[in-house]
1. Among residues belonging to the range 120-173 that are touching a His at 6+ places or on another chain (Cβ under 8 Å) and closer than 16 Å to LEU212 by Cβ, point out the one that is most open to solvent (accessible area, probe 1.4 Å).
2. Would you point out which residue out of GLU39, GLU28, GLU66 is over 19 Å from the mean Cα position of the chain (by Cα) and modelled with pLDDT of 95 or more?
3. So which residues in the range 146-204 are under 19 Å from ALA12 (Cα atoms) and in a loop (DSSP other than H, G, I, E, B), if there are any at all?
4. From the list TYR213, TYR138, which one is under 21 Å from LEU89 (Cα atoms), touching a helix residue (DSSP H, G or I) at 6+ places or on another chain (Cβ under 7 Å) and modelled with pLDDT under 95?
5. Would you check if ARG133 is in contact with a Lys or Arg (Cβ under 8 Å, 6 or more places away or on another chain) and among the basic types (Lys, Arg)?
6. Under 6 Å by Cβ, and 6 or more places apart or on different chains, what pairs join a residue from the range 145-166 that is free of Cβ contacts under 8 Å to residues at least 24 places away in the same chain with one that is of a type in the set (D, E, K, R) and open to solvent by less than 60 Å² (accessible area, probe 1.4 Å)?
7. Does the range 89-105 include one or more residues that are touching a strand residue (DSSP E or B) at 6+ places or on another chain (Cβ under 6 Å), at pLDDT 95 or above and either assigned to a strand (DSSP E or B) or exposed (fewer than 14 other Cβ atoms within 10 Å of the Cβ) (or both)?
Amino acid sequence: MLVLAIDTSTPAVTAGVVSLSAPSPDTESSDAVSPDTVETLAVRVTVNPRAHAEVLTPHVLECLAEAGVTPAELNAVVVGVGPGPYTGLRVGMATGAAFGDALGVPVYGVCSLDAIAAAVPTTQSLLVVTDARRREIYWARYAGGVRVEGPAVNSAGDVDPSPSTLIAGSASHVDFFDLPVDPAETPSPAGLVTVAAREIMASSVPAPLEPLYLRRPDAKTLAERGK
């Protein structure tokens with residue numbers, strides 16, 4: 001199956017085309033995703049928090065061209081739903097929804113922190129952090145690849161690093177914690193698709209896209225400002 005993956009939950013504008021195949025017959029669980037079932041065919045990443053709207057669609061088209069895939073050949077779309085800033089998230093989610101609607105394919109939303117964790121090959125207790133601005137971080141904790149805490153937003157000083165033994169995420173925020181660092185910084189196309197792989201392979205009907213803002217957006221209507 002061919003999957004378009006999109007994430008704009010961080011300053012990185014990410015798009016990619018990923019090939020997803022069924023697990024190997026000798027995989028222990030029939031619905032598990034083995035390491036060789038997800039293959040990235042093309043990826044584009046631009047780190048610019050102000051360029052989401054300008055570069056995302058060109059990134060998608062470049063990835064399709066590089067992978068030699070036409071839009072009509074896509075079987076699904078996966079989009080990171082955050083947590084992340086309001087403006088960035090809505091660009092990625094609207095773009096993913098538009099492609100899905102135009103092509104008549106399902107659009108799966110996944111937690112962007114889960115996508116970072118999915119790219120870290122470890123069974124250790126993993127802490128994932130990204131920039132939430134306002135001197136805060138978005139974070140979640142994983143054990144054996146499964147999220148056990150979060151997602152949440154706090155100041156770094158309010159997040160207890162224990163029992164985690166490894167950290168991944170924003171390069172400017174992992175240093176707040178005295179933990180070994182994995183190089184995974186932002187959601188990758190392969191990580192996004194890995195999180196949604198079981199649903200995609202089962203042809204599950206996706207839930208409606210719901211952004212994980214975790215707090216109210218900075219932008220307010222005139223009525224809200226009056227209150």
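The values are calculated or read from the model by the stated rules, or taken from the named source; none is laboratory data. Not measured: the values here are computed from a predicted model. For neighbour counting, all protein chains shown are included, and Cβ atoms are generated from backbone atoms with ideal geometry for every residue, glycine included. These accessible areas exclude ligands, DNA and RNA; they are computed on the full protein's heavy atoms, side chains included. Shrake-Rupley method; radii C 1.70, N 1.55, O 1.52, S 1.80 Å.
1. Within the range 120-173, the match that is most open to solvent (accessible area, probe 1.4 Å) is ASP131.
2. After ruling out the rest, the residue left standing is GLU66.
3. If the condition is that a residue be under 19 Å from ALA12 (Cα atoms) and in a loop (DSSP other than H, G, I, E, B), then SER170, ALA171, SER172, HIS173, ASP182, PRO183, ALA184, GLU185, THR186, PRO187, SER188 are the ones that fit.
4. From the options TYR213, TYR138, the qualifying one is TYR213.
5. Against the criterion (in contact with a Lys or Arg (Cβ under 8 Å, 6 or more places away or on another chain) and among the basic types (Lys, Arg)), ARG133 does not qualify.
6. Cβ pairs passing all conditions: VAL148/ARG141; GLU149/ARG141; SER155/GLU136.
7. No, the range 89-105 contains no residue that is touching a strand residue (DSSP E or B) at 6+ places or on another chain (Cβ under 6 Å), at pLDDT 95 or above and either assigned to a strand (DSSP E or B) or exposed (fewer than 14 other Cβ atoms within 10 Å of the Cβ) (or both).
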